[in-house]
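Written below as structure tokens is the structure these notes are about.
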Amino acid sequence: MQQFIDSYDFTGKKAIVRVDFNVPLNENFEITDDTRIRRAMPTLKKVLEKGGAVIIMSHLGRPKKVDPKFSLKHIVARVSECLGVPVKFADDCMKADELAAALKPGEALLLENLRYYAEEEGKPRGLAEDATDEEKKAAKKVVKESQKEFVKKLASYADCYINDAFGTAHRAHASTALIAEYFPNDKMFGYLMEGEIKAIDNVLKNAQRPLTAIIGGSKVSSKLAVLKNLVGKVDNLIIGGGMGFTFVKAQGGHIGNSLHEDDLMPDALEILQIAKEKGVNVSLSVATVAAQEFSNDAERKVFDIYNIPDGWEGMDASPASLEIWKKIILSSKTILWNGPVGVFELPNFAKGTLEIAELLAQATADGAYTLVGGGDSVAAVTKMGYADKVSYVSTGGGAMLEAIEGKVLPGIAAIQD
Ligand code: AMP
């Protein structure tokens, strides 16, 4: 049965908390962005305030074995600073029995990177490149068997389990899903997870209408399931960025050298057809800011999106497109945004994406509910200083995408089941 942090009695209890402390580090192993650490603090502090102790677990990067580069020891000082108590460190997440047992109310322990062990992800490691299917199957069986012990060990440290790692909620890993089974009556979401789940529900389940989704980014293929799910739910679907050109070409447009995926053209047409049947307004860019080379200093010219000359590549949404999108955005009551509408990394082609950030802040001030997710979109609202001026900024790129594909995330299901 799912519990809730606010009503759970943590007095004298040890909570094992899965967080997402997968923060970027520079070459000196200094944290360059501590957002993920700060976002987990309300949950960790609450447990301590309520008389409990926390055993914090996370992954960092994608180590395939014990590798000091990915050690969580690099972040202990910052976690202690944010939490306001000295954080102890267990340099092996499977050998933390004594440290966990000695924890007193108000104390905190951080476990070393869970992904030092293959059992965290449950995927075999070190398989020969030419391994046969049989060998792969056998290796998977071995790791799945030892994963049971791994999960049991982690669970043995604590009295209750909190999942506050939305960034990994779409993975059925040991610490994000499987461990919940050991706490049938003592498992709950952290505040961050709760916030993310509510934000997605506000868009997909309880949206005030009109509901608009702005989906951008490079490829249709990476967001096909998202587009297919959203087209049945939204009133307006704004498709921007590189992926828009596949839709334009599929309708007979001439897109010059713009990014596109020929094999996805039938899917693009299917999405447009579904939209037509459901009365959904699909809004593609009408004109694009194009260049002859993929470089910030390249000469820029604006072309009608259906008539881009050969040698020119559409790189950003044009003012005319943004004018149309502005009307849609400012007349919507709920807006979901994921993905840049241009090559955001190049400042001269980031204008469209930054303007979307601006429009979302404006819509929020006018009373709309706005949810922003995905690396570049989050970077755009942050760069404009609007992270607090939109309703919710999601911390989980892949997890958010899977949620808006309509999938049930294993990390969420494990708590709710
Ligand atoms: P995604 O990871 O799918 O959200 O896509 C993000 C990437 O899409 C960014 O690296 C952008 O540079 C890229 N992108 C957006 N618009 C375009 C475009 N018109 N041409 C090429 N790449 C684009």
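The values are calculated or read from the model by the stated rules, or taken from the named source; none is laboratory data. Model, not experiment: these values are computed from the prediction. No Cβ is skipped: glycine too gets one built from the backbone with ideal geometry, and neighbour counts run over all protein chains shown.
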Among the residues of the stretch 259-281, the number that are in contact with a helix residue (DSSP H, G or I) (Cβ under 6 Å, 6 or more places away or on another chain) and surrounded by fewer than 18 Cβ atoms within 10 Å (Cβ to Cβ) is 2
Go through the stretch 328-355 residue by residue and tally those that are under 24 Å from Lys205 (Cα atoms) and part of a helix (DSSP H, G or I).
3
Restricting the first residue to the stretch 205-233 and requiring it to be within 20 Å of Gly398 (Cβ to Cβ), which pairs with a second residue that is near the ligand (Cβ under 10 Å from one of its atoms) and of a type in the set (D, E, K, R) meet a Cβ separation below 9 Å and a spacing of at least six or different chains?
Ile215/Lys223; Gly216/Lys223; Gly216/Asp376; Gly217/Lys223; Gly217/Asp376
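So that you can scan it fast, the table gives a plain yes or no per residue for (1) within 16 Å of the ligand (Cβ to nearest atom); (2) assigned by TED's automatic domain parsing to the domain that holds Phe294; (3) buried (at least 24 other Cβ atoms within 10 Å of the Cβ):
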{"position": "Leu204", "(1), (2), (3)": "no, yes, no"}
{"position": "Thr212", "(1), (2), (3)": "no, yes, yes"}
{"position": "Lys228", "(1), (2), (3)": "yes, yes, no"}
{"position": "Gly232", "(1), (2), (3)": "no, yes, no"}
{"position": "Gly241", "(1), (2), (3)": "yes, yes, yes"}
{"position": "Phe247", "(1), (2), (3)": "yes, yes, yes"}
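This table checks each residue for (1) in the same structural domain as Val17 (by TED's automatic domain parsing); (2) closer than 25 Å to Thr35 by Cβ; (3) of a type in the set (Asp, Glu).
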position	(1), (2), (3)
Asn113	yes, yes, no
Ala118	yes, no, no
Lys123	yes, no, no
Ala128	yes, no, no
Ala131	yes, no, no
Lys137	yes, no, no
Val143	yes, no, no
Glu149	yes, no, yes
Phe166	yes, yes, no
Just one listed residue, out of Ala177, Ala172, Ala155, is in the same structural domain as Val47 (by TED's automatic domain parsing) and farther than 24 Å from Ala100 by Cβ, and it is Ala172
In the stretch 313-336, what residues are over 22 Å from Gly373 (Cβ atoms) and surrounded by 20 or more Cβ atoms within 10 Å (Cβ to Cβ)?
Glu313, Gly314, Met315, Ser318
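The rows are residues; the columns are (1) hydroxyl-bearing (Ser, Thr, Tyr); (2) at pLDDT below 95; (3) touching a Leu at 6+ places or on another chain (Cβ under 7 Å).
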site	(1), (2), (3)
Ile179	no, no, yes
Leu192	no, no, no
Asp201	no, no, no
Gly216	no, no, no
Ser222	yes, yes, no
Leu227	no, no, no
Leu230	no, no, yes
Leu237	no, no, yes
Gly240	no, no, no
Checking Gly311 against (1) over 28 Å from Leu360 (Cα atoms); (2) within 16 Å of the ligand (Cβ to nearest atom); (3) not in a loop (DSSP other than H, G, I, E, B), which test does it fail?
(3)
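Yes or no: Ala180 in a helix (DSSP H, G or I) and crowded, with 24+ Cβ neighbours inside 10 Å?
Yes, satisfied.
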Quick check on the stretch 285-306. Is at least one of its residues within 28 Å of Lys205 (Cα to Cα), touching a residue at least 24 places away in the same chain (Cβ under 8 Å) and either within 16 Å of the ligand (Cβ to nearest atom) or surrounded by 17 or more Cβ atoms within 10 Å (Cβ to Cβ) (or both)?
yes
In this structure, does Ala291 turn out to be assigned by TED's automatic domain parsing to the domain that holds Ser318, over 22 Å from Phe344 (Cα atoms) and hydrophobic (A, V, I, L, M, F, W, C)?
no
I'd like to know if the stretch 408-417 contains one or more residues that are within 16 Å of the ligand (Cβ to nearest atom) and either crowded, with 21+ Cβ neighbours inside 10 Å or assigned to a helix (DSSP H, G or I) (or both).
no
Whichever residue in the stretch 356-368 is part of a helix (DSSP H, G or I) and more than 15 Å from the ligand (Cβ to nearest atom) and, among such residues, is surrounded by the most Cβ atoms within 10 Å (Cβ to Cβ)
Leu360
Candidates Met400, Met384 - the one that is away from the ligand (no atom under 16 Å from the Cβ) and surrounded by 17 or more Cβ atoms within 10 Å (Cβ to Cβ)
Met384
Could you check Gly311 against (1) touching a Ser or Thr at 6+ places or on another chain (Cβ under 7 Å); (2) farther than 30 Å from Gly232 by Cβ; (3) touching a residue at least 24 places away in the same chain (Cβ under 8 Å) and say which number it fails?
(1)
Restricting the search to the stretch 104-145, which residues are surrounded by fewer than 13 Cβ atoms within 10 Å (Cβ to Cβ) and under 30 Å from Thr43 (Cβ atoms)?
Lys104
